[in-house]
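For reference, the structure discussed in these notes is given below.
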There are 2 protein chains.
Amino acid sequence: MKPYAQLSPEERRGEYARLRTEFDALKARGLSLNMARGKPSKVQVDLINDMFQLMQDPQDYISDGIDVRNYGELAGLPAAKALFADILGCRPEQVFVGGNSSLQLMYDTVSKGYTHGLAHSPRPWCREETVRWLCPSPGYDRHFRITESFGFELITIPMTEDGPDMDAVEEAVKDPAVKGIWCVPKYSNPDGVIYSDETIRRFANLKPAAPDFTIMWDNAYCIHEFEGDYVEFPDILSLCEAAGNPDMVFEFASTSKVTLPGSGVACFACSKTNMEHMEKQLTVQVISFDKVNQQRHVLYLRDKAHSLEIMKRHASVMGPKFRCVADALDREIAPLDIASWKRPRGGYFVSVNAMAGTAKRTLALCREAGVTMTDAGATFPYGKDPRDSNIRVAPSLPPVEELEQAMEIFCVCLRMAALEQLGL
Amino acid sequence: MKPYAQLSPEERRGEYARLRTEFDALKARGLSLNMARGKPSKVQVDLINDMFQLMQDPQDYISDGIDVRNYGELAGLPAAKALFADILGCRPEQVFVGGNSSLQLMYDTVSKGYTHGLAHSPRPWCREETVRWLCPSPGYDRHFRITESFGFELITIPMTEDGPDMDAVEEAVKDPAVKGIWCVPKYSNPDGVIYSDETIRRFANLKPAAPDFTIMWDNAYCIHEFEGDYVEFPDILSLCEAAGNPDMVFEFASTSKVTLPGSGVACFACSKTNMEHMEKQLTVQVISFDKVNQQRHVLYLRDKAHSLEIMKRHASVMGPKFRCVADALDREIAPLDIASWKRPRGGYFVSVNAMAGTAKRTLALCREAGVTMTDAGATFPYGKDPRDSNIRVAPSLPPVEELEQAMEIFCVCLRMAALEQLGL
C-alpha cells in the first residue's frame, strides 16, 4: 500500500469504492460498540471484588484509635493520608482525603476560587473582570468543561512530546488574568505523554503575574502503567516548594481506576497554607467524607508497593486492548501516512491525529457503522479542534473481540475520510 | 424549692454559696463530657454493623441491570431513588441520590445559586447587590454558616411551637433580595418542633417576590422518632406543586443517623424543572456518586417500613438519653422557673431557653467543670443570640451514666448563672 497522498485521483476513487463496500458490510453487522469514555471493563471491576470481604471484623472499624463509622476527621483518616502520600511521593499532612470523585474535588477547588478566592486571591474570581485558564490540548474534556462552566476564557496551549509547550505557558502566565492551568502530568489524557523532568522543573519555577495562579495537577494515572514497569515520577509539591512557589499547585488523584470507578477514594495534596485555607472553607460544607470507604481502601491497598501489585492485575486486562488498538493502526493506517499516534505505556487513551479536516467525518462514519467514540473536538477547549484532527480512542470498556471489530471499522472510516479530504 | 425570682437577696446568696460548693466538688471530679454535637454513640453505630455483611454476592452488584461498581447514573441508582421516595413520600424521579453528606448537597445547591443561578434566577446570586436569607431561630448553626459564608445577609425568623413564624416569613419574602429560607420541618434543630399542617400549607403557598426563592427543606429527622410511634408527615413537593409553586423547594435527607454518620447516603428531592437544571450543573462536576454504598443501603434498608424498624433500634438507645435530660431538667430546674424546654419525641436535641442573659455564662461554667456543649448563640445567625438564652443540648454521644453526670453539672450551672443574673 502506498501513502494516500501519492495515489492518483483514479487510484483514490478505486480505493474509496473498495472501502465503501467494506464499510457497508461492516455496517450491516449492526454492531453497537463503545470506545467513548475511559471506563474500566467488567473484568477489571471483578478483579478487585475481594475488597468487599474486608470490614467484617470489629477491629477493622478502628484506625489509629478513630472509629471510622462516626463523624469526624474532615481531612480524612491519617492512614488514608499516609497511603496517598506514599503513592504520590508527598507528605501525609499535605493530603486531604475526600469522597469518591477527584473531579468533584477539582471542581470544588475552582468553585472555591470563584466564590471565596484561593489562599492568595486578591478577591474571589467572580469579582474579576476576566478570568483566563490555560488548557494544554489535546486534553481532558471534563477539565475544560469545569472552567468553561464558570465563564473563564479558555486558552489553548499546544501539547508536545514532553508535555505542555512551556514557552507558551511561561508567556501566558505573564497575564494577571490567567489564574490556572489544567495538567495530567503522567500518561496525559489523551496523548499518554509523561511530562519530562525539564517540563516539570519549568512548571515549578513559573513566575505568574497572578498571585493565586494555580496548577491543577491531575495525577489521574500516577500508577497506571499497563505496559512495562512502574515509571517513577517527581513530586510536584516539593519541587514547587524548593522553587519558592509552595502554594502554586494542587495535586489530585483517586483510586477510581485502581479499585472501583465511582466507589473509590479521591484526594488532593497541597501546601500547608493551601490546606489551612481549604479546610477553613470545606468545614462549612461537609462534616466528614466516607471514612469507612477510606478504611476499606487502606486495608485493601496497604501501600504503594501493594497498590502497584494490584495495578498489574489491571495491566493484564488493559495491555492486550491497547496492543489491539496500536497494532491495528500500525497495520492498517501507518503505510498510508494519513494519521499519527503514539503507543502509550499507561493511562486510558490512544490519541490519534487524523489528517487535518477529517476527525469529525471519521467519527460520523464510525457512528453510522455502530461505533461510538469521544466526540471529535472534545479534547480541545469549547469542543473545537481548530485542525479537526484529534481523535481520542478509549479502548478500556469493550472486550478485545469487540475492540478488534471496532478498530476494523475505525480504520476503514479513517481511510474513507482521508480519501474524501484528498478529493475523489 | 421556690422559683428563684421569689427568693430574697439573702436566700439567693445562700443558695449560690451552696451551689458553688457543689460546683467545686463536681469540677474536682475532672470530667470531660461532650454534649456539643448531634453525633450518634458507638452503641448506635454498632447496631447496624450487619450492613457490612452485605455486598458479598456477585448478584448484589447488579441493580436493575446496572453494575453498581462502574461509572454512570449521575442521579443515583433507580432503586435508591425509590427507597428515598418511599421514605419521603415523593416520587422516585424527583429524587437525586448523592454521596455521604446532605450538608454538602445543601451547600452545593446554595453554591450553584451563587455561581450559576438556580432554574429561575434572573442572574447568578454573585451578581446580585444583596442576597438575604431567612433563618428560623433557634436553628441549625451549620445551615446558617453556609449562607453566611457566601456573604448573604441573614434574617432571623422567630420559631414558634408550630414552626417558623409564618407571618414574619410571608412579610419577609416580599423583599426580592430574599432568596431562600432554611427549614428543618420535622423535629426541628434544636427545638424538636414538628411544623404544623397550617405552617406547611403556608410555606407551599408563599408568593415570594424573588422568582428563584428557595425553601431549603432539610428533612434530616424524617423517620427519627425515639419516643412513640412514627409520625406521618406531608410531602412538601406535592403541596408546592398543588399550590402552583413546584420549583420553590429542595428537600434534603440522609441516612447519617439511620445507618452511619459520614458513611451513609444523602439525597435531595425537587421538581422536574429543578432536577433538569441541577443535573445539567452536576454533570460538569462529578461522573457519578458512590453507587456501591447506595446499593448497600438499598439492600439493608429495603423500604420505609423496614427503615422504621431499624430506627427502633436507635430509639432504644436514644430514648433513655432524652428521658435522662428532660427528667433532670424537670426535677432540678422546673420548680425554679429559670428556664423552659420541651420534651421532644424525635430528632437529636433538647432546646433549653435559659433566663435571658445567662446562656453564655451557663456554658462557661459547664466548660470549667468539664462539660462541653454547643456554643451559646450557635443556634442564631452569626452565632449571636440576642437574648443570650438558647442552649442546645445534644445528648446522643455520651452513655447514660455520663449524661447523668453532665446534666447534674449543667443544672448546677444553669442555677448559678440565673442567681448571678438576679443579683447576689
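What follows is calculated from the coordinates using simple rules that are stated; it is not laboratory data. These figures come from a predicted structure and were not determined experimentally. Cβ placement follows ideal geometry from the backbone for every residue including glycine, while neighbour counts extend to all protein chains displayed.
Over chain B, Cα pairs under 8 Å with separation of 6+ residues give a relative contact order of 26 percent. Other residues within the sphere of radius under 13 Å centred on the Cβ of A:Y71, judged by their own Cβ, net out at +4 (K and R +1, D and E -1). With label points defined 7 Å past Cα in the direction of Cβ, position A:S8 shows copy-to-copy spacings of 12.9 nm, given to one decimal and shortest first.
Distances, shortest first, from the label point of B:L31 to those at the same position in the other copies read 7.3 nm; the point lies 7 Å along Cα to C-beta.
Summary value for the stretch B:55-304: 27 percent relative contact order, contacts being C-alpha pairs under 8 angstrom separated by 6+ residues. Per-residue Karplus couplings for the stretch A:345-352, computed as 6.51 cos²θ - 1.76 cosθ + 1.60 with θ equal to phi - 60°, are listed in order as 10, x, x, 10, 9, 10, 9, 10 Hz, Gly and Pro entered as x.
Just check the stretch A:64-308 against the gyration tensor rule for me: Cα atoms, a ≥ b ≥ c as the square roots of the eigenvalues, rounded for a/c under 1.5, and otherwise prolate or oblate depending on whether a/b exceeds b/c. Here the stretch A:64-308 falls in the oblate category.
Beta-bridge orientation, the stretch A:64-308: approximately 35 percent antiparallel, per DSSP, counting only bridges with both partners inside. Consider a paramagnetic label point 7 Å from the Cα of B:L299 along Cα→Cβ; state which residues of the stretch A:241-277 have an amide N under 16 Å from it. Under cut-off, by backbone N: A:263. Summed over qualifying helices (DSSP H, 4 residues or more, each -39500 (n - 2.57)) and divided by its residue number, chain B shows a 222 nm mean residue ellipticity of -12500 deg cm²/dmol. Positive end of the dipole of the stretch A:7-119 (Cβ unit charges, origin at the Cα centre): among A:G76, A:Q56, A:Y16, the Cα lying farthest that way belongs to A:Y16. For the stretch B:221-237 versus the stretch A:202-275, the inter-centroid distance based on Cα atoms is 46 Å.
How do B:374-380, B:281-287 rank on mean C-beta neighbours within 10 Å, highest first?
By packing density, highest mean first, the sequence is B:374-380, B:281-287.
The mean number of partner chain beta-carbon atoms within 10 angstrom of a residue's beta-carbon across peptide A:257-265 is 6. Between A:D229 and B:V284, the simple label model (points 7 Å from Cα in the Cβ direction) yields a spacing of 4.5 nm. Label positions at B:L54 and B:Y382, each projected 7 Å from the Cα along the C-beta direction, are separated by 4.6 nm. Using the Stokes-Einstein relation with a Kirkwood hydrodynamic radius computed over Cα pairs, the translational diffusion coefficient of the stretch B:305-424 at 4 °C and a viscosity of 1.567 mPa s comes to 87 µm²/s.
Peptide B:415-424 has a mean of 0 when you count, residue by residue, the C-beta atoms of other protein chains within 10 Å of its C-beta.
Distance between the 7 Å Cα→Cβ label points at A:E404 and B:K342: 7.1 nm. Can you give the FRET efficiency for A:D46 and A:A209, using 1/(1 + (r/R0)^6), R0 = 51 Å, r = Cβ-Cβ distance, to the nearest 0.05? Efficiency for this residue pair is about 0.50. Of the residues A:L83, B:L105, the one with the fewest other Cβ atoms within 10 Å heads the list, and the complete ranking is B:L105, A:L83. Taking a sphere under 10 Å around the Cβ of A:I155 and counting the other residues whose Cβ falls inside, with K and R at +1 and D and E at -1, yields a net charge of -1.
For chain B, complete DSSP H runs whose alpha carbons reach 30 Å or more along their own long axis and whose mean Kyte-Doolittle score is -0.5 or higher are B:304-332, B:400-422.
Given R₀ = 45 Å, FRET efficiency for B:R29-A:E129 by Cβ-Cβ distance, to 0.05?
Taking R0 as 45 Å, the efficiency between B:R29 and A:E129 is 0.15.
For the stretch B:144-273, the relative contact order is 20 percent, taking Cα pairs closer than 8 Å that sit 6 or more residues apart in sequence and dividing their mean separation by the residue count.
Free of any GluC sites (Glu not before Pro) that DSSP assigns to a loop and that have at most 12 other C-beta atoms within 10 Å, the longest stretch within chain A is A:233-424.
Tally the DSSP beta bridges in the protein assembly as shown and give the antiparallel ones as a percent, rounded to 5.
Within the protein assembly as shown, antiparallel bridges account for around 50 percent of the total.
Label reach from A:S196 (point 7 Å along Cα→C-beta): in the stretch A:229-250, amide nitrogens under 18 Å belong to A:232-234. Please report the base-10 log of the normalised intensity I(q)/I(0) for chain A, using a Debye sum with one equal scatterer per alpha carbon and no solvent, at each q in 0.07, 0.08, 0.13, 0.14 (1/Å). The calculated log intensity ratios at q = 0.07, 0.08, 0.13, 0.14 Å⁻¹ are -0.36, -0.47, -1.12, -1.25. When both bridge partners sit in chain A, DSSP labels roughly 50% of those beta bridges antiparallel.
For the stretch B:264-362, a Kirkwood hydrodynamic radius built from all Cα pairs, placed in the Stokes-Einstein relation at 4 °C and 1.567 mPa s, yields a translational diffusion coefficient of 72 µm²/s.
Over all other residues within a Cβ to Cβ distance under 13 Å of B:Q285, the charged ones net out to +1, with Lys and Arg as +1 and Asp and Glu as -1.
Using the crude model of +1 on Lys and Arg Cβ and -1 on Asp and Glu Cβ, and no other charge, please compute the dipole size for the stretch B:246-330 relative to its Cα centre, in debye to 20.
In total the dipole reaches around 320 debye.
In the stretch A:74-157, the inverse of the mean reciprocal separation of distinct Cα atoms equals 14.6 Å; this is its Kirkwood hydrodynamic radius.
Using +1 on the beta carbon of Lys and Arg, -1 on that of Asp and Glu, and nothing else charged, what's the dipole of chain A about the Cα centre, debye to 20?
With Lys and Arg at +1 and Asp and Glu at -1, about 800 debye.
Inter-part distance, the stretch A:138-158 to the stretch B:300-349, computed on C-alpha centroids, equals 51 Å. With label points set 7 Å from Cα along Cα→Cβ, the inter-copy distances at B:P399 are 5.6 nm, sorted shortest first.
What's the magnitude of the charge dipole for the protein assembly as shown around its Cα centre, counting Lys and Arg as +1 and Asp and Glu as -1 at the beta-carbon? Answer in Debye, nearest 20.
Value, rounded to 20: 200 debye.
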